[in-house]
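Report on one structure; see the data block that follows.
Readers should treat all values here as calculations from the given coordinates under stated rules, not as data from a laboratory. Since the structure is predicted, the reported quantities are computational estimates derived from the model, not experimental observations. No Cβ is skipped: glycine too gets one built from the backbone with ideal geometry, and neighbour counts run over all protein chains shown.
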């Protein structure tokens, strides 16, 4: 369990994704990549490309790079487009959030993706650098073992760190949480809105369910005790995340209340 202390000093508890969930998600994502490789080998005639480019090694390399781009950046674009999830994470109902409980930024996702080289593939680099110098089976076996050990770095980091963080998570200030309580969680962010309700801020769709939960919890507690400093901080954070500017003719309370209602309007089942 992770207790997140938000910038508004509200404590939110998140269930951490365990190593089994993350491993299964990792295997599903890699099965998708293997399937992509199979598709390439089965349905694309690379020999035909060789005939066209007539032995041009640079063109051949460019074709392979283009073919590998979808799986090279798979984790990055999946997590950005699917709100902190890959297909594997979605199946296992786990998601990436930052340590404050809000949606990670694009930079956070990029740092996590880039550091997969260290977490899972560090010794791949060693293997590539020394591949051309392999002259005997003994050296080949050593490098192969290093390759396998390197793939386990991320696994052991998840197992033995306090919040199940790999190196990429530490660098990006992120954690992976479980969404198994998503049904009860969703109930905490429901707002009563009329059937003819007209939203004002379409950009609220930039918020995740986690964001909306934190906003509502903080808003409710601050409003009860007339904590206007917290309301100002919360409004500023919402403006930052959503790129919405509070209209001058509404108060912070009215603005936050509208944001929550608009979020429910755009995300509720129609």
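For this structure, a couple of remarks:
- With the simple spin-label model, which puts each label point 7 Å out from Cα in the Cβ direction, the residue 116 to residue 173 separation comes to 2.4 nm.
- Exposure proxy ranking, count of Cβ atoms within 10 Å, fewest first, for 16, 82: 82, 16
- Against the compact-protein benchmark of 2.2 N^0.38 Å, the Cα-based radius of gyration of segment 182-267 scales to 1.02.
- Here each label is just a point 7 Å from Cα along the line to Cβ, and for residue 42 and residue 180 those points are 3.4 nm apart.
- As a rough guide to protection, the peptides 83-92, 32-41 ranked by mean Cβ packing within 10 Å, highest first, stand as 83-92, 32-41.
- Pairwise FRET efficiency - residue 107 versus residue 163, Cβ, R0 = 25 Å, nearest 0.05: 0.80
- Estimated inter-spin distance, residue 250 and residue 220, nm [label 7 Å along Cα→Cβ]: 2.0
- Full extension of the chain segment joining residue 227 with residue 72 gains 51.1 nm, where the gain is 0.36 nm per residue of separation less the Cα-Cα distance.
- Theoretical gain in end-to-end length, residue 257 to residue 28 [0.36 nm per residue, Cα-Cα removed]: 78.5 nm
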